[in-house]
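Engineer: Attaching a single structure in structure tokens format; questions to follow.
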Amino acid sequence: MRVNCVGAIIFDAAGRLLLVQRGRPPGQGLWSVPGGRLEPGESDEAGVRREVLEETGLHVVVGRLAGTVDRPGPGGVTYVIRDYLATVSTASSPASGGAPAAGDDAADVRWCDREDLARLPVTEGLLEALAEWGVLPAR
């Protein structure tokens, strides 16, 4: 069975990448870009906006597709993940002042540079995919 998922590749003004720490399986405790499963009938763009808002409290504008990966899941499931570039909306989360805050199934959220990425336990294949797509954070 194939499960459609989306993710968001979001950078701040310093070139750091927004990562969330997964609070639930699959990948509990690992860091990855915000994202998750699409709901029935939901477009990729709507799914990216919803997932980012649920996991980080931020509103985003969805840009171009950065790339797609297939990841194995439990019970023979294959997660088909389409990651999109996105930017934080200028009208993002007035209550938080535009700062990300972990929510929904995210245990933590933070802006990361390349050194952070090298130190954090990230989901399998994340660094390779970001490198292949030319979207690694600044040093």
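The values are calculated or read from the model by the stated rules, or taken from the named source; none is laboratory data. Quick caveat, the model's predicted, so the values are computed rather than measured. Counting neighbours? That spans all protein chains shown, and the Cβs are built from the backbone with ideal geometry, glycine included.
Engineer: Need pairs with beta-carbon distance below 8 Å; first residue within 8 Å of VAL20 (Cβ to Cβ) and within the stretch 105-116, second hydroxyl-bearing (Ser, Thr, Tyr) and outside any strand (DSSP E or B); sequence gap 6+ or separate chains.
Structural biologist: ALA106/THR56; VAL109/THR56
Per-residue answers, yes or no, for (1) touching a Cys at 6+ places or on another chain (Cβ under 9 Å); (2) within 13 Å of VAL20 (Cβ to Cβ); (3) at pLDDT 95 or above; (4) acidic (Asp, Glu):
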residue	(1), (2), (3), (4)
GLU39	no, no, yes, yes
GLY47	yes, no, yes, no
VAL62	no, no, yes, no
ALA66	no, no, yes, no
PRO74	no, no, no, no
VAL77	no, no, no, no
SER92	no, no, no, no
GLY98	no, no, no, no
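Engineer: Looking at VAL109, VAL80, VAL33, VAL60, which one is of a type in the set (Val, Ile, Thr), touching a helix residue (DSSP H, G or I) at 6+ places or on another chain (Cβ under 8 Å) and under 21 Å from GLU128 (Cβ atoms)?
Structural biologist: Working: VAL109 fails: under 21 Å from GLU128 (Cβ atoms); VAL80 fails: touching a helix residue (DSSP H, G or I) at 6+ places or on another chain (Cβ under 8 Å); VAL60 fails: under 21 Å from GLU128 (Cβ atoms).
None of the other options fit; the residue is VAL33.
Engineer: Here's something else I'd like to know. Among the numbered criteria (1) buried (at least 18 other Cβ atoms within 10 Å of the Cβ); (2) part of a loop (DSSP other than H, G, I, E, B); (3) acidic (Asp, Glu), which single criterion is violated by GLU42?
Structural biologist: The single condition GLU42 does not satisfy is (1).
Engineer: Select, from VAL77, VAL69, the only residue that is under 14 Å from the mean Cα position of the chain (by Cα) and aliphatic (A, V, I, L, M). Please lay out each step first, then the result.
Structural biologist: On the way: VAL77 fails: under 14 Å from the mean Cα position of the chain (by Cα).
Among VAL77, VAL69, only VAL69 is under 14 Å from the mean Cα position of the chain (by Cα) and aliphatic (A, V, I, L, M).
Engineer: If you go through the stretch 94-102 one residue at a time, do you hit one that is closer than 17 Å to ARG24 by Cα, under 14 Å from the mean Cα position of the chain (by Cα) and of a type in the set (Gly, Ala, Ser)? Write out each step before concluding.
Structural biologist: Let us first name the residues in the stretch 94-102 that are closer than 17 Å to ARG24 by Cα, namely 101-102.
If we keep only those that are under 14 Å from the mean Cα position of the chain (by Cα) as well, we get 101-102.
Add one more test, that the residue is of a type in the set (Gly, Ala, Ser), and what stays is 101-102.
Among the residues of the stretch 94-102, at least one is closer than 17 Å to ARG24 by Cα, under 14 Å from the mean Cα position of the chain (by Cα) and of a type in the set (Gly, Ala, Ser), which makes the answer yes.
Engineer: From the list ALA138, ALA86, pick out the single residue that is part of a strand (DSSP E or B) and either touching a Gly at 6+ places or on another chain (Cβ under 7 Å) or among the small types (Gly, Ala, Ser) (or both). Give the derivation first.
Structural biologist: Working: ALA138 fails: part of a strand (DSSP E or B).
Exactly one of ALA138, ALA86 is part of a strand (DSSP E or B) and either touching a Gly at 6+ places or on another chain (Cβ under 7 Å) or among the small types (Gly, Ala, Ser) (or both), namely ALA86.
Every residue, every condition in (1) crowded, with 17+ Cβ neighbours inside 10 Å; (2) touching a residue at least 24 places away in the same chain (Cβ under 8 Å); (3) out of contact with any Asp or Glu (no Cβ under 7 Å at 6 or more places or on another chain); (4) not in a loop (DSSP other than H, G, I, E, B), yes or no:
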| residue | (1), (2), (3), (4) |
| --- | --- |
| CYS5 | yes, yes, yes, yes |
| ILE9 | yes, yes, no, yes |
| VAL20 | yes, yes, no, yes |
| ARG24 | no, yes, no, no |
| VAL52 | yes, yes, yes, yes |
| ALA66 | yes, yes, no, yes |
| ARG82 | yes, yes, no, yes |
| THR90 | no, no, yes, no |
